[in-house]
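Enquirer: Here it is, the structure in full.
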Amino acid sequence: MTAYFGIWMTGYWAFRLHHVQGVRLGALYAVPLAVAIGLANHYLAYRNLLQWPEFCTDAIIALLFGGMLLCDFRGGALLPRANAWLADFSYSVYAFHMPIMFFWYAMLPASFHRSLSAPESGLLLMLVCIASARLLYDVSEARRRWFRALADRLLLRGAALTRRFAASERGRSPVLQLGDVSG
């Protein structure tokens, strides 16, 4: 799990290199990187031609995506907004895409899969993964401050109840002291 977190962090490091350190690749590098991502996804991840473990293929694809994040796209307003929107819930996409894919193929009938071509099925699955991850992000990650505040309140109430209970029990029951062997 730590190794996969490292893979996910390639996006963070690419962001830091691009925005903080000023490392930038020209926009023309995006085309060969996009082609390399497509080829790596098809031949390394999907077909597994090299018979590498999934971790290795995921690391290569993540590094290529990190390279895409270093490309300098200036002048366009749509791409930075789309990138920021996806970056908000990138960990949700990363964390939930495999369970969604397993559900997709295990629960949907085979007749549904046969009715779609491979590109149609892949595009629909990608959209379902992104939409599901966004929904799960909005329900959980985006509300983490609320969940943390709720947990803090519950812990404080639990601590207060424990103190009250302990105070009320002090006078009623004998407490075995450390070192007390009588009994």
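The values are calculated or read from the model by the stated rules, or taken from the named source; none is laboratory data. Owing to the predicted nature of the structure, the values given are computational and were not obtained by experimental measurement. Cβ atoms come from the backbone with ideal geometry, glycine included; neighbour counts cover every protein chain shown.
Enquirer: Which of the residues belonging to the range 1-37 are among the small types (Gly, Ala, Ser), surrounded by fewer than 12 Cβ atoms within 10 Å (Cβ to Cβ) and in a helix (DSSP H, G or I)? Steps first, answer last, please.
Expert: The initial filter retains those residues of the range 1-37 that are among the small types (Gly, Ala, Ser), namely 3, 6, 11, 14, 22, 26-27, 30, 34, 36.
Next cut, surrounded by fewer than 12 Cβ atoms within 10 Å (Cβ to Cβ) only: 3, 22, 26.
Listed by number, the list holds a single entry, Ala3.
Enquirer: Could you run through the range 120-141 and say how many residues are of a type in the set (Gly, Ala, Ser) and touching a helix residue (DSSP H, G or I) at 6+ places or on another chain (Cβ under 8 Å)? Give the steps one after another, and end with the answer.
Expert: From the range 120-141, those of a type in the set (Gly, Ala, Ser) are 121-122, 131-133, 140; that's our starting set.
Cutting the leftovers down to touching a helix residue (DSSP H, G or I) at 6+ places or on another chain (Cβ under 8 Å) gives us 121, 132-133, 140.
Number of matching residues: 4.
Enquirer: Is one or more of the residues making up the range 143-153 among the hydrophobic types (A, V, I, L, M, F, W, C) and either surrounded by 12 or more Cβ atoms within 10 Å (Cβ to Cβ) or farther than 30 Å from Ser90 by Cα (or both)?
Expert: To start, the set of residues in the range 143-153 that are among the hydrophobic types (A, V, I, L, M, F, W, C) comprises 146-147, 149-151.
Now drop any that are not either surrounded by 12 or more Cβ atoms within 10 Å (Cβ to Cβ) or farther than 30 Å from Ser90 by Cα (or both), which leaves none.
No; the residues of the range 143-153 include none that is among the hydrophobic types (A, V, I, L, M, F, W, C) and either surrounded by 12 or more Cβ atoms within 10 Å (Cβ to Cβ) or farther than 30 Å from Ser90 by Cα (or both).
Enquirer: Those residues that are closer than 17 Å to Ala133 by Cβ and among the aliphatic types (A, V, I, L, M), I need them from the range 88-112; list them, please. Let's see the steps before the verdict.
Expert: Keep residues of the range 88-112 that are closer than 17 Å to Ala133 by Cβ, which gives 88-104.
Val93, Ala95, Met98, Ile100, Met101 - these are the residues of the range 88-112 that are closer than 17 Å to Ala133 by Cβ and among the aliphatic types (A, V, I, L, M).
Enquirer: Output the residues belonging to the range 100-142 that are basic (Lys, Arg) and modelled with pLDDT of 85 or more.
Expert: Let us first name the residues in the range 100-142 that are basic (Lys, Arg), namely 114, 134.
The one that is basic (Lys, Arg) and modelled with pLDDT of 85 or more: Arg134.
Enquirer: Out of (1) modelled with pLDDT of 85 or more; (2) closer than 23 Å to Ala95 by Cα, what's the single condition that is false for Ala45?
Expert: Failed condition: (1).
Enquirer: Could you list, ordered by first residue, the pairs with Cβ atoms under 6 Å in which the first is in the range 109-136 and farther than 17 Å from His42 by Cβ and the second is modelled with pLDDT under 85, at least 6 apart or interchain?
Expert: Pairs that qualify, where the first residue is farther than 17 Å from His42 by Cβ and the partner is modelled with pLDDT under 85, are Cys129/His97; Ala133/Phe89; Ala133/Ser92; Ala133/Val93; Ala133/Phe96; Arg134/Phe89; Leu136/Ser92; Leu136/Phe96.
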